[in-house]
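Notes follow once the structure below has been shown.
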């Protein structure tokens, strides 16, 4: 993959995520009530022949959708089992919701506690270099919750950036001494 004359163009960003859910109503309620997502569209399974699943499009702001919930009415869903963590098909580990600043993130952390949303990890600082870091990577502060189907969601703030030379710059513009990006 070192042929630079035929490199793929770099995508603008990772945009949205579509996740499969067992109970559409319960999932819609969770994402609307806890995250404040708004309903853009909802379509029954088979409305378009090539799409045999029910789809719900949710948004945070002006994008048509940031999250899509999919439910297959012809699928026999089951509850997660302890063995799923060590055997089965690959899935995704987590997805993340970024908060504009630390105050907004702290407000959502408090809302999680008030609403009884289980925090399954954190709050933590992902960093082996930050004085409060717990040794993991990512250079941000976060906590994790599970949605009604057990999808792991990271809620974070203060993500570091990578400058053109590969240096890590914290959310407040300070150089993080030591690490550099593997690829520049």
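Quick note: the coordinates plus some simple rules give every number you see, no bench work behind them. What you see is a predicted model; the values in this text were computed from it and never measured. Here the Cβ positions follow ideal geometry from the backbone for every residue, glycine too, while neighbour counts run over all protein chains shown.
For segment 129-184, report the % of Cα-Cα distances exceeding 17 Å.
Working: 692 of 1540 pairs.
Tail of P(r) above 17 Å: 45 percent of Cα pairs.
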### Extension gain, residue 163 back to residue 14 (0.36 nm per residue minus Cα-Cα distance, nm)
51.7 nm
### Task
Determine the percent antiparallel among the DSSP beta bridges restricted to segment 12-73, to the nearest 5.
70
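Between residue 40 and residue 118, what length comes free when the chain is fully extended (0.36 nm per residue of separation minus the Cα-Cα distance, one decimal in nm)?
Stretched out fully, the residue 40 to residue 118 stretch lengthens by 25.4 nm.
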### Query
Share of antiparallel DSSP beta bridges in the chain, in percent to the nearest 5?
75
### Query
Relative to a virtual label point 7 Å from the Cα of residue 93 in the Cα→beta-carbon direction, which members of segment 117-136 show backbone nitrogen distances below 19 Å?
120-130, 133-136
### Query
Helix 24-35: angle to the longest alpha-carbon principal axis of the chain, degrees 0 to 90, nearest 10?
30
### Message
Need the full-extension length gain, residue 33 to residue 101, defined as separation in residues times 0.36 nm minus the C-alpha distance. One decimal, nm.
### Response
22.4 nm
### Summary
Among (1) 69.6, 209; (2) 19.2, 55; (3) 15.2, 43, the value of Rg and Dmax of the Cα atoms in Å computed for this structure carries the label (2)
### Query
Which of 163, 101, 23 moves the most in a Gaussian network model of the chain with Cα springs under 10 Å?
163
